[in-house]
1. Within the chain, what whole-number % of the accessible surface is contributed by carbon and sulfur, with the 1.4 Å probe and all protein chains included in the calculation?
2. Could you state the principal axis extents of the C-alpha atoms in region 36-79, from the largest down, to the nearest angstrom?
3. Within region 1-35, which trypsin sites (Lys or Arg not before Pro) sit in a loop by DSSP and count at most 16 neighbouring Cβ atoms inside 10 Å?
4. Can you compute the charge dipole magnitude of the chain about its Cα centre, using +1 on each Lys and Arg Cβ and -1 on each Asp and Glu Cβ, nothing else charged? Give it in debye, rounded to the nearest 20.
5. I need to check one value: relative contact order of the chain, counting alpha carbon pairs closer than 8 Å and at least 6 residues apart, in percent.
6. Which loop chymotrypsin sites (Phe, Trp or Tyr not before Pro) in region 1-51, with loop taken from DSSP, have no more than 11 other Cβ atoms within 10 angstrom of their Cβ?
7. Could you give the accessible area per residue of the chain, probe 1.4 Å, as a whole number in Å²?
8. To two decimal places, what compactness ratio does region 1-41 give when its Cα radius of gyration is scaled by 2.2 N^0.38 Å?
Amino acid sequence: MERFPSLQAAKEALWSRTYEGYAWRQHFDFVFREPERVLTPAVTEESYIDLYRSPDADLSLIERRICFGPRGGTRVEPC
């Protein structure tokens, strides 16, 4: 699990990991371990980021999902 300071930061992370992650190391600010910078070549336009209200939330209770829309932009969907 990782933390994001805002919805915009999560949207930017998904976009960057998809389109730049094969060449530039991406930052992951993990909640329960040290932050890392890694390549993300497997992140595609079908990938998404699930958001929870808190780090100890029930993993079946996704609050929002960041994903790509039909025209390639990122969007936030309620769950």
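1. Here carbon and sulfur together make up 53 percent of the probe-accessible area.
2. Principal axes ranked by extent give 29, 29, 13 Å for the Cα atoms.
3. Listed in order of number, the matching sites are Arg3, Arg25, Arg33.
4. Here the chain has a charge dipole of around 220 debye.
5. The normalised contact order for the chain reaches 25 percent.
6. Of the chymotrypsin sites (Phe, Trp or Tyr not before Pro), the ones in loops of region 1-51 whose Cβ has at most 11 other Cβ atoms within 10 Å are Phe32.
7. Here the residues of the chain average 71 Å² of exposed surface.
8. Rg over 2.2 N^0.38 Å, computed on Cα atoms: 1.11.
The values are calculated or read from the model by the stated rules, or taken from the named source; none is laboratory data. This is a predicted model, so every value here is computed, not measured. Glycine gets a Cβ as well: all are built from the backbone with ideal geometry, and neighbour counts include every protein chain shown. Keep in mind that these areas ignore ligands, DNA and RNA; they rest on the heavy atoms of the full protein, side chains included. Shrake-Rupley method; radii C 1.70, N 1.55, O 1.52, S 1.80 Å.
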